[in-house]
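I have placed the structure first, in the form of structure tokens, so that the comments after it can refer back to it.
Each reported figure results from applying straightforward, stated rules to the coordinates on display, with no laboratory input. In this text, all values refer to a predicted model and were calculated from it rather than measured experimentally. Positions of Cβ are generated from backbone atoms using ideal geometry, with glycine treated the same way; all protein chains shown enter the neighbour counts.
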Amino acid sequence: MSRLKQTFAELKAQNKTALIPFITAGDPNPVVTVPLMHNMVEAGASVIELGVPFSDPMADGPVIQRASERALEYHTSLDDILNMVAEFREQDKTTPVVLMGYANPIEIMGYKVFAKAAGEAGVDGVLTVDLPPEEAGDLVSHLNHNNIDAIYLLAPTSTNQRMERICNQASGFVYYVAVKGVTGSNRLDINAVEEKLSQIRQHTNLPLGVGFGIKTPETAAAVAQHADAVVVGSALVEQIDYLSPNEIQIELPKLIKAMRDAMDNEV
């Protein structure tokens, strides 16, 4: 059983929702990332989502764009990130790690080489924002061969036909983008989220994660009432804009713990 499947099964047995924090690997510098991953797990993270910095992150708002820029100032590469995951695995063998990014860095490395290296490093899932299922067959084949889940996005505008297509190819979990637009948006409608998740569940038994627009413990708790996972990104990453590396190791886990506590009290 994969780490993602095991984690979701354990949480379901405890009547809990997964909490998935997102950070950009290498932000604000590469030394911060692995200790922060451990601190987030200690604070209550169920899965870690690592962003692969890219110079043209079209799905990301200004907060995560700046995170990519900071990481790229240190020339943080896909190889570096796989090394970070491998270092994380030296102490943590159980917490799933998902890479989220864009096709270009993976294509440069090569699908086969990337999937093999990611599997050896301990990556559990890959979400490639700009690689739709119609074009992802080769990558998914190599990911499957290395026991890595291929994770896809669904949007408020996704049709039933699109849901079916994506759900048939996805594994690990399906990531529902709760608002139209880029990361960091703040127009979250809980009722609309509930309605859309019910629609998606007609097409899959996979866990459903919800992200974009979740910024507070209260919002995380509200989304946890309907989703199998709550994904939090910009609310964490924006703190890196103004915190020192030492403060980051304290303040980001503090917010994660507040969200975890709120989710557990509501669910």
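Just add up the charged neighbours of residue 240: K/R +1, D/E -1, any other residue whose Cβ is under 11 Å from the Cβ of residue 240. That works out to -3. The residue list 52, 174, 131 was ranked by how far each Cα lies along the charge dipole of the chain toward its positive end, using unit charges on Cβ atoms, and 174 comes out on top. Our compactness index for the chain, the C-alpha radius of gyration over the empirical 2.2 N^0.38 Å, is 0.91.
With +1 on each Lys and Arg Cβ and -1 on each Asp and Glu Cβ, and nothing else charged, work out how big the dipole of the chain is about its Cα centre, in Debye to the nearest 20. Each step should come with its number before you reach the end.
Values: 20 positive and 34 negative charges, 127 e Å.
Charge dipole, the chain, about its Cα centre: 620 debye, nearest 20.
Counting every C-alpha pair in segment 198-261, the share spaced more than 15 angstrom apart comes to 56%. For the pair residue 141 and residue 244, label points projected 7 Å from Cα toward Cβ lie 5.3 nm apart.
Ignoring lysines fewer than eight residues from residue 215 along the same chain, the ones with Cα atoms less than 18 angstrom from its Cα are 180, 254, 257.
Grab the DSSP H runs of the chain that are 4 residues or longer, score each as -39,500 (n - 2.57), total them, divide by all residues and round the 222 nm result to the nearest 500 deg cm²/dmol.
Details: 12 runs with 134 residues, N = 267.
Roughly -15500 deg cm²/dmol at 222 nm, from the helical runs in the chain.
Let me check I've understood the local charge: for residue 174, count other residues with C-beta under 10 angstrom from its C-beta, Lys and Arg +1, Asp and Glu -1. What total comes out? Write out the running numbers ahead of the final one.
Working: positive: 201; negative: 228.
With Lys, Arg at +1 and Asp, Glu at -1, the net is 0.
What number does segment 73-213 give for Rg over Rh if you use C-alpha atoms and the Kirkwood radius? The Rg/Rh ratio comes out at 0.98. Backbone amide hydrogens, once placed in the peptide plane, bring residue 44 within less than 5 Å of nothing, excluding anything fewer than 5 places away on its chain.
Cross-link partners of residue 112 among lysines, defined as those whose alpha carbon lies under 26 angstrom from its own and excluding same-chain residues fewer than eight positions apart: 5, 93. Entry for segment 15-115 at q = 0.14, 0.24 Å⁻¹: log10 I(q)/I(0) = -0.52, -1.36, Debye formula applied to identical alpha-carbon scatterers, no solvent contribution.
Label sites at residue 56 and residue 112, each approximated as a point 7 angstrom past Cα along Cα to Cβ, lie 2.8 nm apart. Considering segment 136-267, its Cα convex hull presents a mean projected area of 9.2 nm². Phi angles across segment 189-205 convert, under the Karplus curve 6.51 cos²θ - 1.76 cosθ + 1.60 with θ = phi - 60°, into 3J(HN,Hα) values of 10, 4, 5, 5, 4, 4, 5, 5, 5, 4, 5, 5, 5, 6, 10, 7, 9 Hz, Gly and Pro given as x. Using the Cβ-Cβ distance between residue 199 and residue 12 with R0 set to 30 Å, the FRET efficiency works out to roughly 0.90.
Antiparallel as a % of all DSSP beta bridges within the chain, to the nearest 5? Walk me through the intermediate numbers first.
Working: 0 of 27 bridges.
So the antiparallel bridges in the chain amount to around 0 percent.
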